[in-house]
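None of the figures in this text is laboratory data; all of them are computed from the coordinates on show. What you see is a predicted model; the values in this text were computed from it and never measured. Because the Cβ atoms are built from the backbone with ideal geometry, glycine has one as well, and the counts that use them run over all protein chains shown.
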Amino acid sequence: MSDENAAESSSEALDSPEDLEAGSEERASIRAQRLERVGELRASGVDPYPYRFERSSDIGPVRVEWSSIEAGTETGSIVRLAGRLMLKREQGRLTFGQLRDRTGDIQLFVSAGVLGKESFGEFNQLDRGDWVGVEGEVMATKKGELSVKVSEWVLLSKALRPLPDKWKGLADVDARYRQRYVDLTVNPDARRVFETRFAAVDAIRQVLRERGYLEVETPILNLQQGGATARPFVTHYNALTLDTYLRIALELPLKRLLVGGLDRVFEIGRVFRNEGIDTRHNPEFTMLESYEAFADYNDMMELVENLVSSAAIAANGTTKVELRGRSVDLAPPWRRVSMVELIKEVVGVDISPSMELAETRAILDGLGLEWNESWGPGRCTHEVYDELVEPKVMEPTIVFDHPRETSPLAKPHRNDSSLVERFEVIIDGRELANAYSELNDPVEQLARFQEEAAHKAAGDPEAGDVDLDYIRALEYGMPPAGGLGIGIDRLVMILAAVESIREVILFPTLRPEHGLTDEDFTSGPTV
């Protein structure tokens, strides 16, 4: 049997003993051996961390171009590829490797007869996890495995720490989030989730740009707390001797741009809320906010349906997603129902912001819900919705006409003064999006800001400040407008069918890591 006939796909290759789950002592021993190898390479004149490598292509396009190659074919096409060596198997005068980059994997066919004895021997000293650049001919083995017959290679970065076992990956969930760089290397599902995220965000940008929106950037540090109801992070600006807030929303600066004549704007950016961490909340997360002059919340209903369905198709090729074992279709049109109607449908009670306060409190008492002395009938109504209705909404649903009391930035409802023209999108019991017909009356906006500030003075840490500059902007005239906010992380959770927000954030917030010391990074030989 020839060497090539004996070849197998590198995906079936066996690991060396160091690739098994290793304890801390074994990992330290492996690291020491690899540091020693770095010293040997430098002593021989080889830089184990060179500056660059010229590639002819990513791996993915090579796989596409030669996807129908017949077994045993040599193409004559020479490529230069680079990536991480994920598997390596020595077999006499042949070694088979698996090279991986962002776009895919390809087998390396490494022959002593092609490289020569010395270069072949040096290749065999590479470790799983090393970054390598190769040049060679595209071919298929006798068993049909697409490969690169390596004629030249270079070490691009020596990995000092061994990767986790290729079958088990990172077994510890906390380690997966904390060492995302390892998780992405060894966990195909992690890569799938973030490919979903990137595709969804790209699709959202494309839809908005096609509609004439401009993408802008607004400040992260703000002198006022506003734009949403949430507890902020506070930091100190030394140069001006000022406390500032990390933004909790993108809204107010974007609407200032409407005043300035930029009539369609959006931003996809980080916002920060000093609140708890759970499967659906992270203190820093990503929001899309978009604002369109001369539109209202009805226009935003159509826009959010388009954005979410387009993101689903871009990410998954379909509008259907599997959520907790149930197929949900994100294709429009979605169900549209008022908050008051939905409460009656789900809970079986009539409650609305137009009722007497005592009556709404009695309803909460009857439902076993607590209320606060500062709440009016609108806040009581919203409490029933939050606690007993929203978690039960599975299919994409637009819940519109919210209490005026809980919506300080939305325009009053044109038919009911106790309501505002606001809606939320609920999918799988989660709030995904929030939208308004935007309030552009400076007198009423000031009154609402002052009401918020009174709540803050009374001890509500989530209530906002009076933003007088924003009021001044409104006094110059803001056109009628519709505004939309979408939680990007929650959207990706739905599209990727994962239950924790930490799965869709590359570097989620975690408690400090304990036990890591300088001794874990004992310096090795240098030049």
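Arg280 to Ser29: FRET efficiency via 1/(1 + (r/R0)^6), r the Cβ-Cβ distance, R0 56 Å, to the nearest 0.05?
Values: r = 42 Å, r/R0 = 0.75.
Here the calculated transfer efficiency is 0.85.
Rounded to the nearest 0.05, what FRET efficiency do Asp469 and Leu510 have when you use their Cβ-Cβ distance and R0 = 30 Å? Please report the intermediate quantities before stating the final value.
On the way: r = 37 Å, r/R0 = 1.22.
Computed FRET efficiency for Asp469 and Leu510 comes out at 0.25.
PRE reach from Leu388 (point 7 Å along Cα→Cβ): which of the range 321-350 fall under 16 Å by backbone N?
Counting only backbone N, you get 339-350.
Would you give the gap between the C-alpha center of the range 38-70 and the C-alpha center of the range 199-232, rounded to a whole Å?
The range 38-70 and the range 199-232 have Cα centres spaced 39 Å from each other.
Take Glu65 and Glu152, extend 7 Å from each Cα along the Cα→Cβ direction, and tell me the distance between the two endpoints in nm.
Using points 7 Å along Cα→Cβ, the separation is 1.7 nm.
For Cα extents along the principal axes in Å, the choices are (1) 71, 46, 43; (2) 157, 67, 40; (3) 89, 52, 49; which was calculated from the structure?
From the options (1) 71, 46, 43; (2) 157, 67, 40; (3) 89, 52, 49, the structure gives (3).
For the chain, give me the percentage of DSSP beta bridges that are antiparallel, rounded to the nearest 5 percent.
Details: 79 of 88 bridges.
Given both bridge residues lie in the chain, the antiparallel proportion sits at roughly 90 percent.
Please tell me which of these pairs span more than 20 angstrom C-alpha to C-alpha: Lys117/Lys142; Lys255/Lys411; Lys88/Lys117? Working shown, then result.
Values: Lys117/Lys142 24 Å; Lys255/Lys411 14 Å; Lys88/Lys117 18 Å.
Listed pairs above 20 Å: Lys117/Lys142.
Relative to the longest principal axis of the C-alpha atoms of the chain, give the angle of the C-alpha long axis of helix 297-316, reported between 0 and 90° and rounded to the nearest 10°.
In the chain, helix 297-316 runs at an angle near 10 degrees to the longest axis.
Below 8 Å, C-alpha to C-alpha, sequence gap of six or more: please give me the relative contact order for the range 10-168 in percent.
Numbers: 307 pairs, mean separation 46.8, N = 159.
Result for the range 10-168 is 29 percent.
Arg191 to Leu369: extension gain in nm, 0.36 nm per residue of separation minus the Cα-Cα distance?
Full-extension gain reported as 59.8 nm.
Taking a cut-off of 21 Å between Cα atoms, list the lysines near Lys320, but don't count ones fewer than 8 places away on the same chain.
Those lysines meeting the cut-off are Lys392.
With everything on Cα atoms, drop me the angle between helix 24-43 and the longest principal axis of the chain, reported from 0 to 90° to the nearest 10.
Between the helix axis and the principal axis of the chain, the angle is about 60 degrees.
Pull out the extension gain between Arg161 and Ala447, defined as 0.36 nm times the separation in residues minus the alpha carbon to alpha carbon distance; nm, one decimal. Intermediate values should be presented prior to the final figure.
On the way: separation 286, 0.36 × 286 = 102.96 nm, distance 6.02 nm.
Value of the extension gain: 96.9 nm.
Tell me the relative contact order for the chain as a rounded percent, counting alpha carbon contacts under 8 Å between residues six or more apart. Can you show the working numbers first?
On the way: 1010 pairs, mean separation 70.8, N = 527.
For the chain, the relative contact order is 13 percent.
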